[in-house]
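Student: Before we start, here is the structure in question, set down as C-alpha cells.
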Amino acid sequence: MPTARRTALVTGGAGGMGREICRTLAASAHDVAVADLDGDAALAVADEVGGLGVRLDVTDEDSVGEAVATVSGTCGPIGICVNAAGWDRFLPFLDTDSAFCERVLAVNLAGPMRVCRYVLPHMVDLRWGRIVNIASDAGRVGSSLEAVYSGAKGGLIAFTKTIAREFARHGVTANSVCPGVTDTPLLDAIKDENPAAARVLAAVERSTPLGRIGLPQDIAPAVDFLCSDAAGFVTGQTLSVSGGLTMA
Ligand SMILES: NC(=O)c1ccc[n+]([C@@H]2O[C@H](COP(=O)([O-])OP(=O)(O)OC[C@H]3O[C@@H](n4cnc5c(N)ncnc54)[C@H](O)[C@@H]3O)[C@@H](O)[C@H]2O)c1
C-alpha cells in the first residue's frame, strides 16, 4: 500500500539516527522537516534530503512553538512526528546530581511530550497522524549506568501508550521504537567520556544474539513502517530494534 505524501517533523534530525530517519522518510516521498538543537547541522541534512531545516530545542516552549509554526506554515500541517532528539551520559546513579537528572528528563521525556502537544492538533485536524517516539531498550529492561535515562525512556514508553489510547479515535497512531546500542555520535561521546561505559557496551554487544551493535540503517526502516499508511492498525506498541538483545 503506497503511503500518501505527508509533512514529517523529525526532532534530533541531524543526529546519527535522526539523519537516517530523515533520509528514509524523504525516500518514502514525505516532505521532511529536519529539526535539531544544532540548526546548522539541521540545514545540512535538509539540504541533503530536499527538506526544510529548522533549529528546535525540545526543552524550550517558545522554540518548539516557533519551529512547528515554521514547518506547518511552509510545508502544511504535520502528519508525522518522529521524536528522535535525545541525550545521555553513563554515570553510576549516586554520581548523578539534580542538574544532570533535570537535563536527562527535559530532553528525553518532557521534550517529546512538549512536541506532541504542538503537533497533535494538526493530526486531529487531518484525522490522520503518526507519532513515533525513539525510546530505548534501557526504558524496557534497565541499563547499568543509565538509571535516570532508563527512567526517562520508560516514561516515554508509557506516555506513548497513553497517547495511542487517547488519539486512536482521531486516526492517530503512536508507537515507540527502542534501539539497542547503536553506532552514533551519542555512543561515541559516551564511550569517550567514560572507560567504564566502553566495557559495559562491549558486554552488551557480546550478549546480543545477532552479534553486533546496531546501525542507524537498522532503525530507520522500522520507523518508516510505523509512519506508513500500512501501519494504520499498529498502535501503542513498543518495538525493540536491538539484534535480539531483549525479546519480551
Ligand atoms: N545510540 C544509541 O545507542 C541509542 C540507543 C537507544 C536509544 N537511543 C536514542 O536514539 C535517539 C537518537 O540518538 P542518537 O544515538 O542518534 O544520538 P545523536 O547524539 O547522534 O543524535 C541526537 C540528536 O539530538 C539533538 N538534540 C539533543 N538535545 C536536543 C534538544 N534539546 N532539542 C533538539 N535536539 C536535540 C542533537 O543535537 C543530536 O543531533 C535518542 O533519543 C537516543 O536517546 C540511542
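Just so it is clear, none of the values below were taken in a lab; they were calculated from the coordinates. A quick note: this is a predicted structure, and the numbers were derived from the prediction, not measured. Neighbour counts run over all protein chains shown; Cβ positions are idealised from the backbone, glycine included.
Student: What is the sum of charges, Lys and Arg at +1 and Asp and Glu at -1, for the other residues whose Cβ falls under 14 Å from the Cβ of THR70?
Tutor: My count for the surroundings of THR70 gives -4.
Student: What's the long-distance tail for the stretch 117-248, i.e. % of Cα pairs beyond 17 Å?
Tutor: Taking all Cα-Cα pairs of the stretch 117-248, the fraction more than 17 Å apart is 61 percent.
Student: So, one more: Calculate the length of the line joining the C-alpha centroid of the stretch 5-49 to that of the stretch 130-192, in whole Å.
Tutor: After rounding, the separation between the Cα centres reads 19 Å.
Student: In what sequence do THR235, THR173 fall when counting other Cβ within 10 Å, fewest first?
Tutor: So the ranking, lowest neighbour count to highest, is THR235, THR173.
Student: Relative to the longest principal Cα axis of the chain, at what angle does helix 216-226 sit, 0 to 90 degrees, rounded to 10?
Tutor: Once rounded, one gets 40 degrees.
Student: Report the one residue of PRO179, ALA33, ALA230 whose Cα lies farthest in the direction of the positive end of the charge dipole of the chain (charges on C-beta: Lys and Arg +1, Asp and Glu -1; origin at the Cα centre).
Tutor: ALA230
Student: Would you please put 159-171, 39-51, 141-153, 197-209 in order of how densely packed they are, using the mean number of other Cβ atoms within 10 angstrom per residue and starting with the highest? Write out the running numbers ahead of the final one.
Tutor: On the way: 159-171: 16.0, 39-51: 18.2, 141-153: 20.6, 197-209: 14.3.
Peptide ranking by packing, descending: 141-153, 39-51, 159-171, 197-209.
Student: Restricting to DSSP H runs of at least four residues, report the calculated mean residue ellipticity at 222 nm for the chain, -39500 (n - 2.57) per run over all residues, nearest 500 deg cm²/dmol.
Tutor: Numbers: 10 runs with 119 residues, N = 248.
Taking each H run of at least 4 residues, the total per residue is -15000 deg cm²/dmol.
Student: Would you calculate the volume per residue, in Å³, of the smallest convex hull containing every Cα atom of the chain?
Tutor: Working: hull volume 28.6 nm³, N = 248.
So the per-residue hull volume is 115 Å³.
Student: Moving to a separate point now. In a GNM of the chain with a 10 Å cut-off on Cα contacts, which of GLY15, GLY236, GLY211 has the highest mean-square fluctuation?
Tutor: Its mean-square fluctuation being the largest, the pick is GLY211.
Student: Something else now. If one takes the longest principal axis of the Cα atoms in the chain, at what angle in degrees, from 0 to 90 and to the nearest 10, does the Cα axis of helix 39-49 lie?
Tutor: 60 degrees
Student: Now for a separate question. Give me, ordered by chain and number, the residues 5 or more places off GLY129 or on other chains with an amide H under 5 Å from its own placed amide H.
Tutor: For GLY129, whose amide H was placed from the backbone, the distant partners under 5 Å are VAL172, THR173.
Student: Let me ask something else. For a quick check, take a GNM of the chain with Cα springs below 10 Å and name the residue from LEU37, LEU187, LEU94 with the largest mean-square fluctuation.
Tutor: LEU94
Student: Then there is this: Provide ASP62, ASP218, ASP224 in ascending order of the number of other Cβ atoms located within 10 Å of each residue's Cβ, fewest first.
Tutor: Going from least to most buried by this count: ASP62, ASP218, ASP224.
Student: Which value, in debye to the nearest 20, describes the size of the charge dipole of the stretch 63-144 about its Cα centre when Lys and Arg Cβ atoms bear +1, Asp and Glu Cβ atoms bear -1, and nothing else is charged? Please report the intermediate quantities before stating the final value.
Tutor: Numbers: 7 positive and 7 negative charges, 64 e Å.
That gives a dipole near 300 debye.
Student: Kindly write out, for the stretch 235-248 in residue order, the coupling ³J(HN,Hα) from the Karplus curve 6.51 cos²θ - 1.76 cosθ + 1.60 (θ = phi - 60°), rounded to whole Hz, with x marking Gly and Pro.
Tutor: Karplus-based 3J(HN,Hα) across the stretch 235-248 equals 8, x, 9, 10, 9, 7, 10, 9, x, x, 4, 10, 10, 9 Hz.
Student: Under the rule of at least 5 residues apart or a separate chain, name every residue whose amide H is placed under 5 Å from the amide H of LEU52.
Tutor: VAL32, ALA33, VAL34
Student: Per-residue HN-Hα couplings for the stretch 201-213, Karplus 6.51 cos²θ - 1.76 cosθ + 1.60 at θ = phi - 60°, whole Hz, x for Gly and Pro?
Tutor: 5, 5, 5, 4, 4, 5, 8, 7, x, 7, x, 7, 7
Student: Given the stretch 14-106 reduced to its alpha-carbon atoms as identical point scatterers, what log10 I(q)/I(0) does the Debye formula return at q = 0.19, 0.20, 0.21, 0.25 Å⁻¹?
Tutor: Each listed q corresponds, in turn, to -0.87, -0.94, -1.00, -1.30.
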